[in-house]
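This report refers to the structure that appears directly beneath it.
The values are calculated or read from the model by the stated rules, or taken from the named source; none is laboratory data. These figures come from a predicted structure and were not determined experimentally. FYI the Cβ positions are ideal-geometry reconstructions off the backbone, even for glycines, and counts take in every protein chain you see. Accessible surface areas use protein heavy atoms only, side chains included; no ligands, DNA or RNA. Shrake-Rupley method; radii C 1.70, N 1.55, O 1.52, S 1.80 Å.
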Amino acid sequence: MAEMKVTPWEVTGEVDYDKLRRDFGLDRIDQPLLDRMKKHTGELHYLLRRGIFYAHRDLGWLLDEYEKGNKFFLYTGRGPSGNTHLGHLIPWTFTKWLQDKFKTELWFQITDDEKFLFKDGMSLEDSHSYAIENALDIIALGFDPKRTKIFIDTDYSKTMYPHAVRVAKHITFSTAKAVFGFTNETNIGSIFYTSMQAVPAFLPSVLAKRNIPCLIPLAVDQDPHFRVARDVMPKLGYYKPAIMHSKFMPGLGPGGKMSASDPNSTIYTTDTPDVVKAKIQRAFTGQQPTRELQKKLGGNPDICSICQFYRFFFEQDDKKLEKIFESERDGSLLAGEHKADLTERANKFLAEHQKKREKARSQLDKFLLRD
Ligand code: TYM
């Protein structure tokens, strides 16, 4: 396996989540913190119970403020480089749960500027049209229209830009190089970009003319942006945002993050039933080379991509998940049946989601902020 590399634009190698947490300087979401969350939410989301949301910054502080009556808002985002995949839905469905439980506002940034700047061959027009398509997926998840604002950077830049330059003035090129690995060949838009991603963490405070705590759910690859932003925000007079970090939903291959860089092992929300079937048919299960050996020796659910699809997304009932894992371990569930079950489950979810996605087209105006 290649050496672990995790940046906001690239994840390679086998991710050692504890090492990453230490390298990034994050705290573990431990039992006392889970108990504290549960006091407010009544139950724990399956992503918390399973340690998939596993790290944080300042979550204890955020709850202190909440308990004092100082409510927070949520902020998360999407870089529209293509269609939405199931991995993206991990932080978003968790964000929806937080919105429902804490009755908070959500600010959802879609960074067409970022994807234009960072991706070779991506035009600003294409990135903007993916932004609209991605917004449909976000709306389809059922966010509260009264409490949710979605904004595409180039459509909302008149509001954001003055604050982005305030951030940018406090970030040197040498910091950006050290954190993001930029070189002298990096275009200057990319170097500036992190300032745009910082803005929504305090924009609601600017607009409300008072300091409001912010909580950002994301997968851990996006943390470096906020490591930089958190140093700057007190200098502008705002709270540092709190953050909750998720592990990566794997793809259908052996190991690795679900990512658009490997489309065959990625399930997109727009995939047709046949495409889903074909992709799952080729999935890595880690099972023994023959049926006989699998029945005798069993498999390992921790490396089986089908089992991991259930753990991250498709089976939220812990007892049912354990049953699936056990039947992988004891060799009673063979790859063919395992794949057929998942295909059925995935296509059922996608059929529903795709219906909601189409309905969302007429709701875009209710959600989108434009200058
Ligand atoms: P993007 O579009 O790469 O990813 C959107 C969100 O999905 C998370 N993610 C995953 N989570 C679980 N499993 C996976 N396999 C997986 N792949 C991606 C990402 O961590 C992210 O939370 N620059 C950002 C857009 C952005 C943003 C934000 C993200 C703007 N403001 C604030 C989080 C918070 C981006 O390109 O995300």
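Structure values in brief
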read-out	value
Residues satisfying the stated conditions in segment 231-285, i.e. open to solvent by 20 Å² or more (accessible area, probe 1.4 Å), under 30 Å from Leu63 (Cβ atoms) and away from the ligand (no atom under 13 Å from the Cβ)	Asp231, Pro234, Lys235, Leu236, Gly237, Tyr238, Tyr239, Lys240
Within segment 121-167, tally of residues that are over 18 Å from Trp92 (Cβ atoms), touching a residue at least 12 places away in the same chain (Cβ under 8 Å) and away from the ligand (no atom under 16 Å from the Cβ)	3
Failed item, numbered, when Thr7 is tested on (1) surrounded by fewer than 18 Cβ atoms within 10 Å (Cβ to Cβ); (2) over 24 Å from Tyr193 (Cβ atoms)	(2)
Unmet requirement for Gln316, which otherwise passes all of (1) in a helix (DSSP H, G or I); (2) under 24 Å from Trp92 (Cα atoms); (3) open to solvent by 30 Å² or more (accessible area, probe 1.4 Å)	(1)
Some residue of segment 101-110 being more than 17 Å from Pro8 (Cβ to Cβ), out of contact with any Asp or Glu (no Cβ under 7 Å at 6 or more places or on another chain) and either in a helix (DSSP H, G or I) or not assigned by TED's automatic domain parsing to the domain that holds Leu59 (or both)	yes
Leading residue by the ranking (farthest from Asn347 (Cα to Cα)) among those in segment 86-95 that are open to solvent by 10 Å² or more (accessible area, probe 1.4 Å) and within 8 Å of the ligand (Cβ to nearest atom)	Pro91
Of all residues making up segment 35-72, the number that are closer than 25 Å to Arg311 by Cα, over 19 Å from the mean Cα position of the chain (by Cα) and open to solvent by 20 Å² or more (accessible area, probe 1.4 Å)	7
Checklist (1) more than 15 Å from the ligand (Cβ to nearest atom); (2) within 30 Å of Arg49 (Cβ to Cβ); (3) among the polar types (S, T, N, Q) applied to Gln99, failing item	(1)
Residue in segment 153-176 that is among the aromatic types (Phe, Trp, Tyr) and out of contact with any helix residue (DSSP H, G or I) (no Cβ under 8 Å at 6 or more places or on another chain) present	yes
Elements of type strands (runs of 3 or more DSSP E) contained in segment 1-81, each with 2 or more residues being farther than 25 Å from Pro250 by Cβ and either within 16 Å of the ligand (Cβ to nearest atom) or not assigned by TED's automatic domain parsing to the domain that holds Ala198 (or both)	73-78
Filter result (buried (at least 20 other Cβ atoms within 10 Å of the Cβ) and of a type in the set (S, T, N, Q)) within segment 128-170	Asn134, Thr148
Residues that are in a helix (DSSP H, G or I) and open to solvent by 60 Å² or more (accessible area, probe 1.4 Å), drawn from segment 330-353	Glu337, Asp341, Glu344, Arg345, Lys348, Glu352
Selection count, segment 177-203, where residues are part of a helix (DSSP H, G or I), open to solvent by 30 Å² or more (accessible area, probe 1.4 Å) and over 16 Å from Gly79 (Cβ atoms)	5
Yes/no for Phe116 being in contact with a strand residue (DSSP E or B) (Cβ under 6 Å, 6 or more places away or on another chain) and modelled with pLDDT of 95 or more	no
Condition check for Ser174: in contact with a Phe, Trp or Tyr (Cβ under 7 Å, 6 or more places away or on another chain) and part of a helix (DSSP H, G or I)	no
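Matching residues to (1) closer than 27 Å to Tyr54 by Cβ; (2) out of contact with any strand residue (DSSP E or B) (no Cβ under 7 Å at 6 or more places or on another chain); (3) modelled with pLDDT of 95 or more:
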| site | (1), (2), (3) |
| --- | --- |
| Ile188 | no, yes, yes |
| Ile191 | no, yes, yes |
| Pro200 | yes, no, yes |
| Asp221 | yes, no, yes |
| Arg227 | yes, yes, yes |
| Lys235 | no, yes, yes |
| Lys240 | yes, yes, yes |
